[in-house]
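The structure appears right after this line, and notes come after that.
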Amino acid sequence: MDFFASKGHLVVKSYSLVPHNDKSLLLINSGMAPMKSYFTGQETPPNVRIVTCQKCIRTGDIENVGKTARHGTFFEMLGNFSFGDYFKEEAIAWSWEFLTETVGLDADRLYPSVYLEDDEAFAIWNKKMNIPATRIYKMGKEDNFWEHGAGPCGPCSEIYYDMGEKYGCGSPDCTVGCECDRYVEIWNNVFTQFESDGNGNYVELEQKNIDTGMGLERLAAAVQDVPSIFDVDTVASLREHVCQMAGVEYEKGYATDVSVRVIVDHVRSVSFMISDGIMPSNEGRGYVLRRLIRRACRHGRILGMPEQCLSILAKTVIMGSKDGYPELEEKQDFILKVIGIEEEQFDKTIDQGLSILNGMVDSLEKSGIQVLAGAEAFKLYDTYGFPLDLTQEILEEKQISVDMKGFDVAMEKQRKTARAAREETNYMGADVTVYESIDPSVTSIFVGYDRISHQSDITVLTSERALVDTLQQGETGTLFVQETPFYAANGGQEADTGTIETSTGIFVVEDVVHLLGGKIGHIGFVSKGSICVGDNVSLCVDGMKRQLSARNHSATHLLHKALKLVLGSHVEQAGSSVNAQRLRFDFTHFSALTADEITWIEKLVNDEIVHALAVTANVMPIEAAKKQGAQALFGEKYGDEVRVVRLGDFSLELCGGIHVGNTADIMAFKILSESGIAAGVRRMEAVTSLGLLSYYENQEKQLHGAAKLLKTNGEGLADKIVAIQKENKELHSEVDHLKGKMARASVSDVMDRVQEIAGVKLLAIRVENVEPNALRDLSDQLKDKLGEGVVVLASANGDKVGLLVSATDGAIKAGAHAGNLIKAIAGLVGGGGGGRPNMAQAGGKNPNGIEDALEKAKGVLMEQLILLN
């Protein structure tokens, strides 16, 4: 980057791995990818010449990562770019100059290649760079012509490096283009000079561009004379950390090496991805991240590494790369937390999934079958959260494939039905088997829209592991009845709780869930006596909890409409969570709300509460509902018949939840917070009725508590705070004045400590408890006394250190540079810093190093002065 900066290039920091305004990519995968708009002319670049070191992720060949030392998902791409400025002659000359003179590679081991029809590039290499024609390789369109459909394109000129015979295949005709590891492409110059129509027709571009790429790790492998990116010093240190944690040695066994390489590569990728705000999910780039973490976790298990090993290894990645990518260190805690959570979640599913998969493999091997049924693979994926690609990877090691057609059929069937039972319950694994064992003819009918108590008969009982006829006191299980008033959690609204009583026992309902086949399961425990299948029961919902939840739910409908009225029709519900205490509403919007917008939204909702709107619900054909203008949830799938909830003439939505009978029941509405949770998604949290009263009660307690501490009442609190702030400001000013006075007094007789270094005066002293601003004032005073020279000040404040270096104009002309001087000594006090030639400051955390830093300042200044002279 320094080299190309010297050639007039603007040095640009690496762009994020998340593409900006580019839906064609999930992740940035090359140096030019973030600059497409510059190449197409859609945006004007900040400079016609740019150089970058871009972090990149490529997962197209993820299955091969680890199996060879060539493949990896994460790499850093060096690139120099020209947008209508220089072209082939400069690009070729500078690439050769950099590799041979700046990096120092042997020119006799470098071999250029050109597109076979690019006579111009060939002539430049041959005539101007004096490379013999026999050393310039002409290659076809597949190798040396960059083109992706219609758009800018052009020929390439690559530079190969001969790694040496020890990396070769031994064939007498081994040369550039051989599949072995001897001749490695380290540089690619793309000459974007044509516009393609996508049908083989090309037009010369008026503005020709240069797009180059060189893998930093690959270049390092050549410079360090190591066989692969996994042997480059920085990557090798991470590799050795993996081996140390696993208790293995590298290059002692192929299978072990595969796992080591997978972990090394993937932990680098995930650390950088999370630092750019990518979060694990089941789709898009979030799924790529999750897949990488899980793949690394699995190979960690193969090596017998401890739990949470990736979090530990990520620290090594961060330490090794933080200088070039400071965001890694800034977000270290967040990165480690996200990785740790994913590792923990994967650990919960992997054991069960592996056990089941191993059983399937045993059955296949005994039967001599080499294809796993798609339904079986889907069961692992759907029921146990076992990734399909992981199943395929494990089976591939045993020469077994997956029936993908059968898997796709099972996936489509699932999409047309409800979620699997395991996803809906609080139980893991075994409960799915329990629920699947229930007779499919058993169904449940919800009758709770207009009641909170009902009589019915128990049809099924389960324990946590099996179907049972009876549950005794203290036992946990799931209870099914023919008809229930209990609302099962759905659409963001929490489930009802309550009790189910028989003549012989009481069952406490803690959760209610929808299960496949129209079943409603009541999850809880027997608090008294026993209950049996066939018992007639009284089902009683907790009425107050239901009513509070209903108030918050109806408030979300009012809020949804108010958001649309205030922010615009682009607002869509993106999720919600409603319980008895509060409501949470996620919605699509692209900027933070202003205070005025929040106030307006809150007022609209409260106005409709005061208007005491009647709340009604009717079931009707979906087409009829749409004609009435009913609001459907974005992305939600509905049946032919839908339930439409109307709040007066204000709101009309499709909804299956529990609501109040009148908006006046909500009492009042208060927004507590508004924040962003994802790109284009905002979140509001609010309270109503008793939740709002509780909120105000707590606010009142805090207000009175604060007033008591300040010895005033609520009404006088603001005036009291203003008075204290004013007094505090005055005291701070007085303290700063006194500190400055003390600092000046402490150095009143320091001029006898002035030293002369190569004809330049140097005053390097330690002062105590002087703040940064006061250090600058003190430095100015000392420079005035000094006349011409350099002042170095160090101050300890507890365990913190402040450094300041200042230089007069005369000292600068002699060669002194304050910024470089402080950079050289700051490490001794455990810190860093920099600045201009005339003034620089730094901080540190090691007061014990102050004397060494002041002593080193002499030598550094001496070097600066000698170098100039």
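For the range 644-669, a residue qualifies if it is surrounded by 18 or more Cβ atoms within 10 Å (Cβ to Cβ) and charged (D, E, K, R), and the qualifying residues are Arg646, Glu653. If you go through the range 192-222 and keep only what is over 16 Å from Val48 (Cα atoms), open to solvent by 40 Å² or more (accessible area, probe 1.4 Å) and not in a loop (DSSP other than H, G, I, E, B), you end up with Phe194, Glu195, Tyr202, Val203, Glu204, Leu216, Arg218. Residues in the range 671-692: is at least one surrounded by fewer than 17 Cβ atoms within 10 Å (Cβ to Cβ), more than 22 Å from Glu608 (Cα to Cα) and acidic (Asp, Glu)? Scanning the range 671-692 turns up no residue that is surrounded by fewer than 17 Cβ atoms within 10 Å (Cβ to Cβ), more than 22 Å from Glu608 (Cα to Cα) and acidic (Asp, Glu). If you go through the range 479-493 and keep only what is surrounded by fewer than 20 Cβ atoms within 10 Å (Cβ to Cβ) and either under 30 Å from Phe585 (Cα atoms) or in contact with a Gly (Cβ under 8 Å, 6 or more places away or on another chain) (or both), you end up with Ala489, Asn490, Gly491, Gly492.
Among the helices (runs of 4 or more DSSP H) confined to the range 356-436, the ones with at least 3 residues that are open to solvent by 30 Å² or more (accessible area, probe 1.4 Å) and modelled with pLDDT of 85 or more are located at 404-415.
Screening the candidates Gly849, Gly831, Gly827 for the property of being crowded, with 19+ Cβ neighbours inside 10 Å, without any contact (Cβ under 8 Å) to a residue 40 or more places away in the chain and either farther than 19 Å from Gln755 by Cα or polar (S, T, N, Q) (or both) yields one hit, Gly831.
Does Arg268 satisfy the criteria of being at pLDDT 95 or above, in a helix (DSSP H, G or I), within 27 Å of Met32 (Cβ to Cβ) and open to solvent by 10 Å² or more (accessible area, probe 1.4 Å)? Criteria met by Arg268.
Results for (1) modelled with pLDDT under 90; (2) β-branched (Val, Ile, Thr), shown as yes or no for each residue.
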| position | (1), (2) |
| --- | --- |
| Gly740 | yes, no |
| Ala743 | yes, no |
| Ile765 | no, yes |
| Val770 | yes, yes |
| Leu778 | yes, no |
| Lys783 | no, no |
| Asn797 | yes, no |
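Within the range 133-161, residues that are more than 18 Å from Ala33 (Cα to Cα) and open to solvent by less than 30 Å² (accessible area, probe 1.4 Å) sit with their Cβ atoms under 7 Å from residues that are of a type in the set (Phe, Trp, Tyr) and outside any strand (DSSP E or B), at 6+ positions apart or across chains, in these pairs: Ile136/Phe122; Ile136/Trp125. Between His557, His553, His514, the distinction of being within 33 Å of the chain's Cα centre (by Cα) and assigned to a strand (DSSP E or B) belongs to His514 only. Being among the small types (Gly, Ala, Ser) and farther than 30 Å from Leu548 by Cβ is the filter; apply it to the range 692-734 and report the residue that is farthest from the chain's Cα centre (by Cα). Applying the filter and picking the extreme gives Gly716. Of the residues screened, Gly60 is one that is within 25 Å of Glu283 (Cβ to Cβ) and part of a loop (DSSP other than H, G, I, E, B). Within the range 40-76, the residues that satisfy the criterion of being at pLDDT below 90 and surrounded by 21 or more Cβ atoms within 10 Å (Cβ to Cβ) are Ile62, Val65, Gly66. Within the range 223-239, can you find the residues that are outside any loop (DSSP other than H, G, I, E, B) and either surrounded by 15 or more Cβ atoms within 10 Å (Cβ to Cβ) or in contact (Cβ under 8 Å) with a residue 60 or more places away in the chain (or both)? Once the filter is applied, which keeps residues that are outside any loop (DSSP other than H, G, I, E, B) and either surrounded by 15 or more Cβ atoms within 10 Å (Cβ to Cβ) or in contact (Cβ under 8 Å) with a residue 60 or more places away in the chain (or both), the range 223-239 yields Val223, Ile229, Phe230, Asp231, Thr234, Val235, Ala236, Ser237, Leu238, Arg239. Among the candidates Ile335, Ile341, the residue that is in a helix (DSSP H, G or I), open to solvent by 30 Å² or more (accessible area, probe 1.4 Å) and either farther than 28 Å from Leu516 by Cβ or in contact (Cβ under 8 Å) with a residue 12 or more places away in the chain (or both) is uniquely Ile341. For first residues located in the range 276-287 and under 14 Å from Thr59 (Cβ atoms), partners that are among the small types (Gly, Ala, Ser) and open to solvent by less than 30 Å² (accessible area, probe 1.4 Å) and lie 6+ apart or on another chain with Cβ distances below 9 Å form the pairs Ile278/Gly286. Within the range 755-794, being among the small types (Gly, Ala, Ser), under 22 Å from Glu855 (Cβ atoms) and open to solvent by 40 Å² or more (accessible area, probe 1.4 Å) holds for Ala758, Gly759.
The values are calculated or read from the model by the stated rules, or taken from the named source; none is laboratory data. All values derive from a computational prediction rather than experimental measurement. In this analysis, Cβ positions are derived from the backbone assuming ideal geometry, glycine residues included, and neighbour counts consider all displayed protein chains. Remember, those area values only see protein heavy atoms, side chains included, never the ligands or the DNA or RNA. Shrake-Rupley method; radii C 1.70, N 1.55, O 1.52, S 1.80 Å.
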